[in-house]
1. For the range 22-107, report the convex hull volume of the alpha-carbon atoms normalised per residue, in Å³, without decimals.
2. Give a residue-ordered list of calculated ³J(HN,Hα) values for the range 17-27 (Karplus: 6.51 cos²θ - 1.76 cosθ + 1.60, θ = phi - 60°; whole Hz; x for Gly, Pro).
3. Once you place label points 7 Å from the Cα toward the Cβ at ALA62 and SER6, how far apart are they in nm?
4. Once both axes come from the Cα atoms, what is the angle between helix 61-78 and the longest principal axis of the chain, in degrees from 0 to 90, rounded to 10?
5. By how many nm would the segment from ARG81 to ASP26 grow when fully extended, if each residue of separation counts as 0.36 nm and the alpha-carbon distance is taken off?
6. Compute the accessible area per residue over the chain, keeping the other protein chains in place, probe 1.4 Å, unit Å².
7. No partner Cβ under 4.7 angstrom, meaning no disulfide-compatible partner by this rule: which Cys of the chain qualify?
8. At a 1.4 Å probe radius, carbon and sulfur cover how many percent of the accessible area of the chain?
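The values are calculated or read from the model by the stated rules, or taken from the named source; none is laboratory data. Treat the numbers as computed from the prediction; the structure is a model and nothing was measured. Here the Cβ positions follow ideal geometry from the backbone for every residue, glycine too, while neighbour counts run over all protein chains shown. Remember, those area values only see protein heavy atoms, side chains included, never the ligands or the DNA or RNA. Shrake-Rupley method; radii C 1.70, N 1.55, O 1.52, S 1.80 Å.
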Amino acid sequence: MHTDPSCVFCKIVAGQIPSRKLYEDDEFLAFHDIAPWAPVHFLIIPKAHWVSMADLSPAQEAMMGRLMMLAPRLALEAGCRPGPEGGFRMVCNTGAEGGQEVLHLHWHVMGGPRPWARG
Ligand code: 5GP
Ligand code: ZN
(Lines give C-alpha, C1' and ligand atoms only; values in the text may rest on other atoms or scores of the structure.)
(Ligands and ions follow the chains in the order given, each with its own letter.)
Protein backbone atom coordinates (compact mmCIF):
# COMPACT_ATOMS: atom_id res chain seq x y z
CA MET A 1 0.00 0.00 0.00
CA HIS A 2 1.37 3.40 -0.99
CA THR A 3 1.84 5.89 1.86
CA ASP A 4 3.51 9.30 2.12
CA PRO A 5 5.36 9.77 5.44
CA SER A 6 4.89 13.55 5.30
CA CYS A 7 1.11 13.34 4.75
CA VAL A 8 -1.14 14.24 7.71
CA PHE A 9 -3.82 11.69 6.79
CA CYS A 10 -1.22 8.91 6.28
CA LYS A 11 -0.05 9.78 9.81
CA ILE A 12 -3.63 9.41 11.06
CA VAL A 13 -3.86 6.00 9.32
CA ALA A 14 -0.57 5.00 10.97
CA GLY A 15 -1.79 6.18 14.40
CA GLN A 16 0.98 8.79 14.61
CA ILE A 17 -1.64 11.58 14.85
CA PRO A 18 -4.71 10.88 17.02
CA SER A 19 -8.19 11.02 15.53
CA ARG A 20 -11.74 10.26 16.64
CA LYS A 21 -12.38 7.19 14.54
CA LEU A 22 -15.84 6.17 13.38
CA TYR A 23 -15.01 3.22 11.19
CA GLU A 24 -12.07 1.25 9.93
CA ASP A 25 -11.54 -1.68 7.58
CA ASP A 26 -8.62 -2.88 5.46
CA GLU A 27 -9.24 -0.24 2.85
CA PHE A 28 -10.92 2.78 4.48
CA LEU A 29 -10.78 4.88 7.61
CA ALA A 30 -13.48 7.31 8.75
CA PHE A 31 -12.87 9.90 11.47
CA HIS A 32 -14.45 13.13 12.71
CA ASP A 33 -13.25 16.35 11.09
CA ILE A 34 -11.20 18.44 13.50
CA ALA A 35 -13.05 21.63 12.43
CA PRO A 36 -16.66 20.57 11.76
CA TRP A 37 -19.00 22.60 9.55
CA ALA A 38 -22.09 20.71 10.60
CA PRO A 39 -23.41 18.78 13.65
CA VAL A 40 -22.16 15.63 11.90
CA HIS A 41 -18.96 16.10 9.93
CA PHE A 42 -16.59 13.26 9.30
CA LEU A 43 -14.07 12.28 6.64
CA ILE A 44 -13.75 8.98 4.81
CA ILE A 45 -10.32 8.25 3.39
CA PRO A 46 -8.73 5.32 1.61
CA LYS A 47 -5.82 4.09 3.71
CA ALA A 48 -3.62 4.14 0.63
CA HIS A 49 -2.20 7.53 -0.29
CA TRP A 50 -4.00 8.83 -3.36
CA VAL A 51 -3.70 12.59 -3.80
CA SER A 52 -7.20 13.16 -5.16
CA MET A 53 -9.88 11.73 -7.41
CA ALA A 54 -7.85 13.12 -10.31
CA ASP A 55 -5.10 10.66 -9.28
CA LEU A 56 -7.27 7.55 -9.74
CA SER A 57 -7.30 5.09 -12.63
CA PRO A 58 -9.78 2.36 -13.66
CA ALA A 59 -7.99 0.03 -11.21
CA GLN A 60 -9.72 2.02 -8.43
CA GLU A 61 -13.23 1.61 -9.86
CA ALA A 62 -14.19 -1.09 -7.34
CA MET A 63 -12.77 0.94 -4.45
CA MET A 64 -14.92 3.90 -5.51
CA GLY A 65 -17.99 1.67 -5.63
CA ARG A 66 -17.34 0.37 -2.12
CA LEU A 67 -16.83 3.91 -0.85
CA MET A 68 -20.17 5.04 -2.30
CA MET A 69 -21.94 2.12 -0.60
CA LEU A 70 -20.16 2.75 2.71
CA ALA A 71 -20.91 6.48 2.99
CA PRO A 72 -24.71 6.35 3.53
CA ARG A 73 -24.31 3.63 6.15
CA LEU A 74 -21.70 5.59 8.10
CA ALA A 75 -23.76 8.79 7.78
CA LEU A 76 -26.66 7.10 9.59
CA GLU A 77 -24.35 5.57 12.19
CA ALA A 78 -22.81 9.00 12.83
CA GLY A 79 -26.20 10.59 13.51
CA CYS A 80 -27.49 11.89 10.18
CA ARG A 81 -31.25 11.46 10.04
CA PRO A 82 -32.80 9.04 7.55
CA GLY A 83 -35.46 9.93 5.00
CA PRO A 84 -36.02 12.99 2.85
CA GLU A 85 -36.21 15.36 5.85
CA GLY A 86 -32.76 14.17 6.98
CA GLY A 87 -29.90 13.29 4.69
CA PHE A 88 -26.31 14.34 4.32
CA ARG A 89 -23.90 16.12 2.00
CA MET A 90 -20.85 14.43 0.55
CA VAL A 91 -18.03 16.58 -0.80
CA CYS A 92 -14.73 15.68 -2.40
CA ASN A 93 -12.59 18.79 -2.89
CA THR A 94 -10.18 18.07 -5.73
CA GLY A 95 -7.13 20.20 -6.47
CA ALA A 96 -6.34 23.78 -5.52
CA GLU A 97 -9.24 25.29 -7.46
CA GLY A 98 -11.52 22.64 -5.96
CA GLY A 99 -10.56 23.90 -2.50
CA GLN A 100 -8.51 20.84 -1.51
CA GLU A 101 -6.14 21.56 1.38
CA VAL A 102 -5.06 18.09 2.51
CA LEU A 103 -3.50 16.27 -0.42
CA HIS A 104 -4.73 12.78 0.54
CA LEU A 105 -8.00 11.74 -1.10
CA HIS A 106 -10.94 12.24 1.27
CA TRP A 107 -14.69 12.68 1.25
CA HIS A 108 -16.42 15.01 3.67
CA VAL A 109 -19.74 13.69 4.95
CA MET A 110 -21.84 16.39 6.64
CA GLY A 111 -25.30 16.31 8.11
CA GLY A 112 -27.52 16.94 11.11
CA PRO A 113 -30.09 19.60 11.93
CA ARG A 114 -29.81 23.02 10.27
CA PRO A 115 -28.43 25.63 10.55
CA TRP A 116 -24.87 24.50 10.10
CA ALA A 117 -21.78 26.50 11.04
CA ARG A 118 -20.95 26.69 7.32
CA GLY A 119 -22.39 25.39 4.09
P1 5GP B 1 -10.04 19.82 2.36
O2 5GP B 1 -10.16 21.31 2.32
O3 5GP B 1 -8.66 19.33 2.01
O4 5GP B 1 -11.13 19.13 1.57
O5 5GP B 1 -10.37 19.41 3.84
C6 5GP B 1 -9.46 18.91 4.76
C7 5GP B 1 -10.22 18.71 6.05
O8 5GP B 1 -9.37 18.00 6.93
C9 5GP B 1 -10.61 20.02 6.75
O10 5GP B 1 -12.02 20.04 6.94
C11 5GP B 1 -9.86 19.96 8.08
O12 5GP B 1 -10.61 20.46 9.16
C13 5GP B 1 -9.56 18.48 8.23
N14 5GP B 1 -8.31 18.20 8.94
C15 5GP B 1 -7.09 18.71 8.66
N16 5GP B 1 -6.17 18.21 9.50
C17 5GP B 1 -6.83 17.34 10.32
C18 5GP B 1 -6.40 16.51 11.41
O19 5GP B 1 -5.24 16.46 11.80
N20 5GP B 1 -7.37 15.77 12.02
C21 5GP B 1 -8.68 15.79 11.62
N22 5GP B 1 -9.53 15.01 12.28
N23 5GP B 1 -9.10 16.56 10.59
C24 5GP B 1 -8.20 17.33 9.96
ZN1 ZN C 1 -1.55 10.33 2.65
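1. 108
2. Couplings: 10, x, 8, 8, 7, 9, 7, 8, 9, 4, 10 Hz.
3. Spacing of the two 7 Å Cα→Cβ label points: 3.3 nm.
4. For helix 61-78, the angle is close to 40 degrees.
5. 17.1 nm
6. Each residue of the chain exposes 58 Å² on average to a 1.4 Å probe.
7. CYS80, CYS92
8. Numbers: 3920 of 6850 Å².
After summing per-atom areas, the C and S share lands at 57 percent.
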